Amino acid sequence: MDQVSAGPTSEPTSDPTADPAPGGPSLDERLQAFVGQSTGPPLQAPDPVNQPMIRHWVEATGDHNPVYVDDAAAREAGFAGVIAPPTMLQAWIMRGLRLSQEVDSARARGDLRGASPTDQLMAMLDEAGFTSVVATNCDQHYVRPLVPGDLLKCTSVIDAVSPEKATGLGTGHFLTTRIEYSDQNDEPVATMRFRILKFKPRPPAGGASPAPAAAGPDAAAERPGRPKRPRPALTQDNRFFFEGAKEHKLLIQRCSECGTLRHPPRPSCAHCRSFEWDTLTASGRGTVYSFVVNHYPQVPAFDYPLVVALVELEEGTRLVANVDGIAPEDVAIGMPVVAGFEAFDDDLTLPVFHPDPGGAAATDETRTS
Ligand SMILES: [Zn+2]
């Protein structure tokens, strides 16, 4: 049958998880159909806002603000009594580990009975190969502080589904969910926009073979079209480090007031609180304080296995860097290393450490002194 005379009897049947027939709705169109849909019935918090959970939270996060645990301090600050940390918002509603695992295993079995639109959307993306997920943004807006006794519920709506985007992790779709929280009187207390990236993990470096063993240290070298290494997020505090690396200098931030060295770079001195700083050029010698050998997941900008080490410099600060020039199985804690510099592209040069045969290995004695 030619294209012009294709009649109604030749129309494809619609199965949202099947590959769309030519002329059928594209994946993007099918994804957009979810926008504005409620993700299911309102969720009810299992417990009211309560002091024990607040106490565990502030101890776990190291938040010493007394308004969360001390009525008198809270009243002094203008509240009627203790308030919950605003960022606990989600904690009051979460469905818990057991229920989450049940949902995950149902999805893994392809069982979508009773699945919410979000579950269906996730399943559709899984089916299309976008099997990995990473949370990217969470914006919360608070209407009023939550206090012990508040009993929350929330409703959520699929707010946006992006077209396919290329990201450092792989191509994917950003999904934004808008969640509205209300109290026992149905008064709004907060809203949250939660964005995730549902993406296609890149195939292992070196080719389409899914077997990680196929990608040895040389498999990905000099691959044409190889993507650049991820860019560091430059700030006025850390820019010096990367500019120094371009000039093959390993710089350590130093407090101008008390001389304390610090890394990673940050605005103020933890010792004396001064914001004044300059830098010291490190010798580049150090020892492997700890390390991991990364085999998977593989990002095409890197060669695998990839040795990621925490190097303790002889000046005393530690930094995370790759170790090269040695078989990954031969890397050892305490091993002396020395910094070299590798230009990964025109914009990015980083210190990369190599074994230092002339260096002094760290021993337990030097470590604990
Ligand atoms: Zn200082």
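Tabulated values for the structure
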quantity	calculated
Subset tally (residues that are more than 8 Å from the ligand (Cβ to nearest atom) and buried (at least 16 other Cβ atoms within 10 Å of the Cβ)) for segment 263-274	2
Set T317, T260: member being within 15 Å of the ligand (Cβ to nearest atom), more than 22 Å from R229 (Cβ to Cβ) and in contact (Cβ under 8 Å) with a residue 60 or more places away in the chain	T317
Among residues of segment 200-227, those that are of a type in the set (A, V, I, L, M, F, W, C) and either modelled with pLDDT of 85 or more or surrounded by 12 or more Cβ atoms within 10 Å (Cβ to Cβ) (or both), counted	5
All positions within segment 278-298 that are within 16 Å of the ligand (Cβ to nearest atom) and either basic (K, R) or under 20 Å from F341 (Cα atoms) (or both)	T279, L280
Those strands (runs of 3 or more DSSP E) lying entirely in segment 228-304 with at least 2 residues at pLDDT 95 or above and farther than 26 Å from P328 by Cα	251-255, 277-281
Qualifying residues in segment 233-257 (those that are buried (at least 16 other Cβ atoms within 10 Å of the Cβ) and within 16 Å of the ligand (Cβ to nearest atom)) - the one farthest from V352 (Cα to Cα)	C255
Boolean, A339 is touching a residue at least 40 places away in the same chain (Cβ under 8 Å) and touching a Ser or Thr at 6+ places or on another chain (Cβ under 9 Å)	yes
Members of segment 296-314 that are out of contact with any Phe, Trp or Tyr (no Cβ under 6 Å at 6 or more places or on another chain) and either open to solvent by 50 Å² or more (accessible area, probe 1.4 Å) or among the acidic types (D, E) (or both)	Y296, P297, D303, E314
Residues satisfying the stated conditions in segment 29-50, i.e. charged (D, E, K, R) and either on the phi > 0 side of the Ramachandran plot or in contact (Cβ under 8 Å) with a residue 24 or more places away in the chain (or both)	R30, D47
Hits in segment 315-344 (condition: farther than 20 Å from N294 by Cβ and open to solvent by 30 Å² or more (accessible area, probe 1.4 Å))	E315, G316, V338, F341, A343
Positions within segment 33-63 being assigned to a loop (DSSP other than H, G, I, E, B) and within 26 Å of the chain's Cα centre (by Cα), in sequence order	F34, V35, T39, G62, D63
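This table checks each residue for (1) within 15 Å of the ligand (Cβ to nearest atom); (2) more than 27 Å from the chain's Cα centre (by Cα).
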| residue | (1), (2) |
| --- | --- |
| E276 | yes, yes |
| P300 | no, no |
| D303 | no, no |
| V308 | no, no |
| V311 | no, no |
| V323 | no, no |
| A332 | no, yes |
| D347 | no, no |
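The values are calculated or read from the model by the stated rules, or taken from the named source; none is laboratory data. Treat the numbers as computed from the prediction; the structure is a model and nothing was measured. In this analysis, Cβ positions are derived from the backbone assuming ideal geometry, glycine residues included, and neighbour counts consider all displayed protein chains. With ligands, DNA and RNA removed, areas are computed over all heavy atoms of the protein, side chains included. Shrake-Rupley method; radii C 1.70, N 1.55, O 1.52, S 1.80 Å.
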